[in-house]
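First the structure, in the form of structure tokens, and then the observations on it.
The values are calculated or read from the model by the stated rules, or taken from the named source; none is laboratory data. If you're wondering where the values come from, they're calculated on a predicted model, not measured in any experiment. Backbone-built Cβ (ideal geometry, glycine too); neighbour counts: all protein chains shown.
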Ligand SMILES: Cc1cc2nc3c(=O)[nH]c(=O)nc-3n(C[C@H](O)[C@H](O)[C@H](O)COP(=O)(O)OP(=O)(O)OC[C@H]3O[C@@H](n4cnc5c(N)ncnc54)[C@H](O)[C@@H]3O)c2cc1C
């Protein structure tokens with residue numbers, strides 16, 4: 001690990017000031033500290049966000065849940081209102097990593113990091129969530145810019161994310177057995193306006209699948225999902241699975257997701 005200094009702001013205003021001055025935000029450290037230990041990341045100054053009350057908590061606002069950036073995965077997994085109204089999101093959080101990762105990992109850290117195999121980006125995109133930052137509100141469509149890349153400017157912090165509540169939804173993940181990240185994960189959501197399908201793990205970043213969305217918007221059944229041919233052209237191929245294998249997983253997980261959402 002390279003040497004660094006640590007700030008512990010207690011207000012969002014102080015954290016925002018420190019981030020604008022060049023401090024790297026530290027959430028649960030589940031990615032950042034590991035990268036620092038491996039000397040893959042060398043922030044001269046960290047701003048630990050864990051003491052900032054404004055960044056935590058879950059509240060219902062109309063037909064959406066607004067979740068603070070520092071909310072831990074376990075808190076989403078165990079939240080009674082989310083479990084009742086948006087169980088797919090609680091289920092997603094409950095299947096991230098292991099118990100220790102869920103106890104420390106945060107919504108904001110996961111979404112800011114935008115790992116191409118992370119689970120939350122699929123929920124953010126499929127639910128048409130809005131990312132609240134210290135500068136603005138960013139629609140999910142414009143937030144994810146490919147592998148580990150987002151629309152956040154230097155020094156801009158995620159403060160919360162608001163998730164619209166769909167009629168029904170499900171997240172299906174085929175775990176990479178060593179890391180427990182998604183080899184492929186599919187989030188399916190049905191709204192009055194149609195269905196949305198977001199895929200993680202299969203390509204260089206999370207993406208929506210228009211063919212699947214069109215099919216299950218017309219007919220929300222596993223059979224309709226199965227009728228869509230998944231093009232493997234731009235999908236990842238690696239030691240864990242070929243592009244064709246991932247394409248098949250997208251189809252199968254969407255069918256299972258629709259079946260689960262209907263149950
Ligand atoms: C063993 C293991 C298994 C895992 N399995 C899964 C899995 O199955 N599915 C999954 O989705 N994830 C998984 N993860 C990732 C985990 O869910 C964490 O959310 C993720 O690592 C980010 O960690 P963190 O929230 O502690 O953020 P940190 O590591 O503290 O920060 C990550 C990055 O985000 C930036 N950042 C943090 N907060 C903010 C903010 N509010 N605004 C702007 N930038 C910010 C930091 O500067 C840093 O660049 C796993 C991690 C581990 C270690």
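Candidates in segment 62-75 are the residues that are under 13 Å from residue 163 (Cα atoms) and assigned to a strand (DSSP E or B); of these, the one that is farthest from the ligand (Cβ to nearest atom) is 64. Residues in segment 83-101 that are in contact with a strand residue (DSSP E or B) (Cβ under 7 Å, 6 or more places away or on another chain) and either at pLDDT below 95 or within 11 Å of the ligand (Cβ to nearest atom) (or both): 92, 95. Scanning segment 14-37 for residues that are more than 9 Å from the ligand (Cβ to nearest atom), assigned to a helix (DSSP H, G or I) and surrounded by fewer than 16 Cβ atoms within 10 Å (Cβ to Cβ), we see that the one that is farthest from the chain's Cα centre (by Cα) is 14. If only residues of segment 43-52 that are under 17 Å from residue 71 (Cβ atoms) and touching a strand residue (DSSP E or B) at 6+ places or on another chain (Cβ under 7 Å) are counted, the one that is farthest from the ligand (Cβ to nearest atom) is 48. Of 51, 62, 97, all but one fail to be more than 21 Å from residue 31 (Cα to Cα) and either touching a residue at least 40 places away in the same chain (Cβ under 8 Å) or out of contact with any helix residue (DSSP H, G or I) (no Cβ under 9 Å at 6 or more places or on another chain) (or both); the exception is 62. Restricted to segment 111-124, and to residues there that are under 8 Å from the mean Cα position of the chain (by Cα) and more than 6 Å from the ligand (Cβ to nearest atom), the residue that is farthest from residue 92 (Cα to Cα) is 114.
Checked against (1) within 22 Å of residue 179 (Cβ to Cβ); (2) within 9 Å of the ligand (Cβ to nearest atom); (3) surrounded by fewer than 21 Cβ atoms within 10 Å (Cβ to Cβ), residue 108 passes all but a single condition, namely (3). Any residue that is within 14 Å of the ligand (Cβ to nearest atom) and modelled with pLDDT of 95 or more - is there at least one of those in segment 206-218? Looking through segment 206-218, at least one residue is within 14 Å of the ligand (Cβ to nearest atom) and modelled with pLDDT of 95 or more.
Candidates in segment 147-174 are the residues that are surrounded by fewer than 16 Cβ atoms within 10 Å (Cβ to Cβ) and closer than 26 Å to residue 249 by Cα; of these, the one that is farthest from the ligand (Cβ to nearest atom) is 167.
All of 40, 55 fail the test of being within 13 Å of the ligand (Cβ to nearest atom) and either crowded, with 16+ Cβ neighbours inside 10 Å or not assigned by TED's automatic domain parsing to the domain that holds residue 12 (or both), apart from 55.
Of all residues in segment 129-146, those being surrounded by fewer than 18 Cβ atoms within 10 Å (Cβ to Cβ) and modelled with pLDDT of 95 or more number 7.
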